[in-house]
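Below: one structure, written as structure tokens.
The values are calculated or read from the model by the stated rules, or taken from the named source; none is laboratory data. Being a predicted model, the structure only gives us computed values, none of them experimental. Cβ placement follows ideal geometry from the backbone for every residue including glycine, while neighbour counts extend to all protein chains displayed.
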Ligand code: NAD
């Protein structure tokens, strides 16, 4: 099917979604490009600052109305269940759209679309089952702790898994009775617009959701600074996140930040090596390494280092890099030509720093890959953890392998990073796994597995990988404000004024 047909089935032609209206954005035209061959999927309009202000003002009116924040939790939950059902009804079309939007293999985008539906279902279920509290009374009064919506939420998402990261913010924020102005990454506007259409069809009232494709430094900035925006939920790079936190500090506005990573994977000599080889490859090379939780620093116990690296390298060379539409492709292209150049510069830097290339380090040729932004799975060794390519996030298919001698020095090196997003441990010794997992400074640690995700388990970054939590039953509370109620039960007037 031509790309334009896949797009037009789900996204109204060139329009953006402002305050419940589909209309042409007043910003520049943007051509969405298929990273696998550089062809244009569709031209969309983008928002300008006036569109952003209009969306925010509409949101501020819409969330307060009885047909949204005034709904009982089980009533609002019904709309979220409907969103999930509509996502699943359009599952294949959305997966194909996301493939075009960011070049991920179709096998991966199908999983992401299903996970977005699960996220809406999960938060619908949380919404109708979360209790509020009657706290222990300390006198002739009753005390309660209740939770209210925050108001207008700006949700700002990156390009690497748009439908999943959009859902992770939209579902809990809408469940909590807020309005959301969503700004997807500039390069991946399509799936977010398709999601807006689904939310509209499911009965999300007019104005409660807007989707504003456009430049982060322009539209994102307007959203963050606007006085009617009462919370920003951001997923993206650490430097952009830091800038948002500064503005939030001035406004005294809560902010959730899911940021970058440089996650260590640790393989001990007693590990099941078949599992570890597969897990390490999956951890770094799936999604072409364009994953915040990519296991990009590999520490292998010295006694098995050479054998393990040999197996790993042989298997990395066999990975199928190519057409994202093909069912058996393991790695698609990188998102843009510019991003591939940045990955290439990091590999060149690693070599200048003294690294040795074990595989990859180049663009693949043949099978029509020259027009796309492909890059081979790349492994380097011979560097220390202090090298720049071990300390900075590359966000591509580049792994640096290092040997380690003992647990203490391993933990020190693994934690020697400004990031603290995730880690992987491969060992059969459960006591060691426990010790290392507890000592690692990261929000998520996988033991004898990697990159598994469950919506019912919280996700957060430590150190410069973020602030705040997403997912899990209490993920919905990130989009609510707590309020205490005191009910006087004494028959006599308060004594003080007598
Ligand atoms: P990015 O920070 O460049 O952009 C993220 C979003 O912020 C985009 O929508 C962008 O347009 C917007 N933005 C850019 N400048 C802005 C500004 N000044 N004000 C407001 N918004 C602005 O990140 P990216 O390149 O899209 O994504 C890659 C990064 O995202 C990586 O660092 C990756 O680790 C991180 N990431 C983190 C997680 C996580 O959960 N921790 C998940 C996915 C991606």
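Which of the residues belonging to region 286-308 are buried (at least 22 other Cβ atoms within 10 Å of the Cβ), away from the ligand (no atom under 16 Å from the Cβ) and part of a helix (DSSP H, G or I)?
Correct list: 308 only.
Looking only at region 377-392, filter to residues that are part of a loop (DSSP other than H, G, I, E, B) and surrounded by 18 or more Cβ atoms within 10 Å (Cβ to Cβ); which one of those is farthest from the ligand (Cβ to nearest atom)?
Top of the filtered list is 383.
State yes or no: is residue 49 under 25 Å from residue 225 (Cβ atoms) and touching a helix residue (DSSP H, G or I) at 6+ places or on another chain (Cβ under 9 Å)? Steps first, answer last, please.
Working: under 25 Å from residue 225 (Cβ atoms): yes; touching a helix residue (DSSP H, G or I) at 6+ places or on another chain (Cβ under 9 Å): yes.
So residue 49 passes the test.
Looking at region 401-434 only, could you name the residues that are touching a residue at least 60 places away in the same chain (Cβ under 8 Å), in a loop (DSSP other than H, G, I, E, B) and either over 27 Å from the mean Cα position of the chain (by Cα) or within 18 Å of residue 448 (Cα to Cα) (or both)?
405, 421, 427, 428, 429 - these are the residues of region 401-434 that are touching a residue at least 60 places away in the same chain (Cβ under 8 Å), in a loop (DSSP other than H, G, I, E, B) and either over 27 Å from the mean Cα position of the chain (by Cα) or within 18 Å of residue 448 (Cα to Cα) (or both).
Looking at residue 274, is it surrounded by fewer than 20 Cβ atoms within 10 Å (Cβ to Cβ), free of Cβ contacts under 8 Å to residues at least 60 places away in the same chain and either within 14 Å of the ligand (Cβ to nearest atom) or under 25 Å from residue 420 (Cα atoms) (or both)?
Details: surrounded by fewer than 20 Cβ atoms within 10 Å (Cβ to Cβ): yes; free of Cβ contacts under 8 Å to residues at least 60 places away in the same chain: yes; either within 14 Å of the ligand (Cβ to nearest atom) or under 25 Å from residue 420 (Cα atoms) (or both): no.
Against the criterion (surrounded by fewer than 20 Cβ atoms within 10 Å (Cβ to Cβ), free of Cβ contacts under 8 Å to residues at least 60 places away in the same chain and either within 14 Å of the ligand (Cβ to nearest atom) or under 25 Å from residue 420 (Cα atoms) (or both)), residue 274 does not qualify.
Here is a yes/no grid of residues against (1) in contact with a strand residue (DSSP E or B) (Cβ under 9 Å, 6 or more places away or on another chain); (2) at pLDDT 95 or above; (3) away from the ligand (no atom under 14 Å from the Cβ); (4) more than 18 Å from residue 150 (Cα to Cα):
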| site | (1), (2), (3), (4) |
| --- | --- |
| 191 | no, yes, no, yes |
| 207 | yes, yes, yes, no |
| 212 | yes, yes, no, yes |
| 223 | yes, yes, no, no |
| 240 | yes, yes, no, yes |
| 263 | yes, yes, no, yes |
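Given the criterion over 23 Å from residue 239 (Cβ atoms) and buried (at least 19 other Cβ atoms within 10 Å of the Cβ), identify the matching residue among 395, 404. Don't jump to the end; show me each part of the working.
Details: 395 fails: over 23 Å from residue 239 (Cβ atoms).
One residue alone meets the criteria, 404.
May I ask you to list the residues in region 5-52 that are assigned to a helix (DSSP H, G or I) and surrounded by 15 or more Cβ atoms within 10 Å (Cβ to Cβ)? It would help to see each step written out before you state the result.
The initial filter retains those residues of region 5-52 that are assigned to a helix (DSSP H, G or I), namely 5-10, 49-52.
Passing the criteria: 6, 7, 10, 49, 51, 52.
When you go through (1) free of Cβ contacts under 8 Å to residues at least 12 places away in the same chain; (2) outside the structural domain of residue 424 (by TED's automatic domain parsing); (3) away from the ligand (no atom under 14 Å from the Cβ) one by one for residue 352, which number turns out not to apply?
Result: residue 352 passes all but (2).
How many residues, within region 309-321, are crowded, with 18+ Cβ neighbours inside 10 Å and over 14 Å from residue 379 (Cα atoms)?
1
More than 17 Å from residue 86 (Cβ to Cβ) and either modelled with pLDDT of 95 or more or surrounded by fewer than 24 Cβ atoms within 10 Å (Cβ to Cβ) (or both): does that describe residue 187?
On the way: more than 17 Å from residue 86 (Cβ to Cβ): yes; either modelled with pLDDT of 95 or more or surrounded by fewer than 24 Cβ atoms within 10 Å (Cβ to Cβ) (or both): yes.
It is true that residue 187 is more than 17 Å from residue 86 (Cβ to Cβ) and either modelled with pLDDT of 95 or more or surrounded by fewer than 24 Cβ atoms within 10 Å (Cβ to Cβ) (or both).
Name, by its number, the condition in (1) in contact with a helix residue (DSSP H, G or I) (Cβ under 7 Å, 6 or more places away or on another chain); (2) within 14 Å of the ligand (Cβ to nearest atom); (3) assigned by TED's automatic domain parsing to the domain that holds residue 334 that does not hold for residue 471.
(3)
Residue check: is residue 311 out of contact with any strand residue (DSSP E or B) (no Cβ under 8 Å at 6 or more places or on another chain) and assigned by TED's automatic domain parsing to the domain that holds residue 378? Lay out the reasoning, then the answer.
Details: out of contact with any strand residue (DSSP E or B) (no Cβ under 8 Å at 6 or more places or on another chain): yes; assigned by TED's automatic domain parsing to the domain that holds residue 378: yes.
The answer is yes for residue 311.
Matching residues to (1) farther than 18 Å from residue 257 by Cα; (2) within 11 Å of the ligand (Cβ to nearest atom); (3) in a helix (DSSP H, G or I):
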| site | (1), (2), (3) |
| --- | --- |
| 452 | yes, no, no |
| 457 | no, no, no |
| 477 | no, no, yes |
| 482 | yes, no, no |
| 485 | yes, no, no |
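Would you mind stating whether residue 55 is under 18 Å from residue 199 (Cβ atoms) and not in a loop (DSSP other than H, G, I, E, B)?
Working: under 18 Å from residue 199 (Cβ atoms): yes; not in a loop (DSSP other than H, G, I, E, B): yes.
So residue 55 passes the test.
Among the residues of region 400-443, what is the count of those that are farther than 16 Å from residue 280 by Cβ and within 16 Å of the ligand (Cβ to nearest atom)?
8
Residues that are touching a residue at least 24 places away in the same chain (Cβ under 8 Å), surrounded by 24 or more Cβ atoms within 10 Å (Cβ to Cβ) and within 14 Å of the ligand (Cβ to nearest atom): find the strands (runs of 3 or more DSSP E) completely inside region 94-181 holding 3 or more of those.
152-156
Kindly indicate the residue of region 58-93 that is assigned to a helix (DSSP H, G or I) and touching a strand residue (DSSP E or B) at 6+ places or on another chain (Cβ under 9 Å) and also farthest from residue 372 (Cα to Cα) among those meeting that condition.
Of all residues in region 58-93, those assigned to a helix (DSSP H, G or I) come to 58-62, 73-89, 91-93.
Within this subset, residues satisfying the condition of being touching a strand residue (DSSP E or B) at 6+ places or on another chain (Cβ under 9 Å) are 58-62.
On the way: 58: 40, 59: 39, 60: 42, 61: 45, 62: 43 Å.
If we take residues in region 58-93 being assigned to a helix (DSSP H, G or I) and touching a strand residue (DSSP E or B) at 6+ places or on another chain (Cβ under 9 Å), then 61 is farthest from residue 372 (Cα to Cα).
Name the residue, out of 317, 311, 345, that is within 16 Å of the ligand (Cβ to nearest atom) and not in a loop (DSSP other than H, G, I, E, B).
Details: 317 fails: within 16 Å of the ligand (Cβ to nearest atom); 311 fails: within 16 Å of the ligand (Cβ to nearest atom).
Exactly one of 317, 311, 345 is within 16 Å of the ligand (Cβ to nearest atom) and not in a loop (DSSP other than H, G, I, E, B), namely 345.
Among the residues of region 331-352, how many are closer than 19 Å to residue 159 by Cα and surrounded by 20 or more Cβ atoms within 10 Å (Cβ to Cβ)? Please lay out each step first, then the result.
Here is the first cut: in region 331-352, the residues closer than 19 Å to residue 159 by Cα are 331-343.
In the following step, the residues that additionally are surrounded by 20 or more Cβ atoms within 10 Å (Cβ to Cβ) were identified as 331-335, 339-340, 343.
So the answer is 8.
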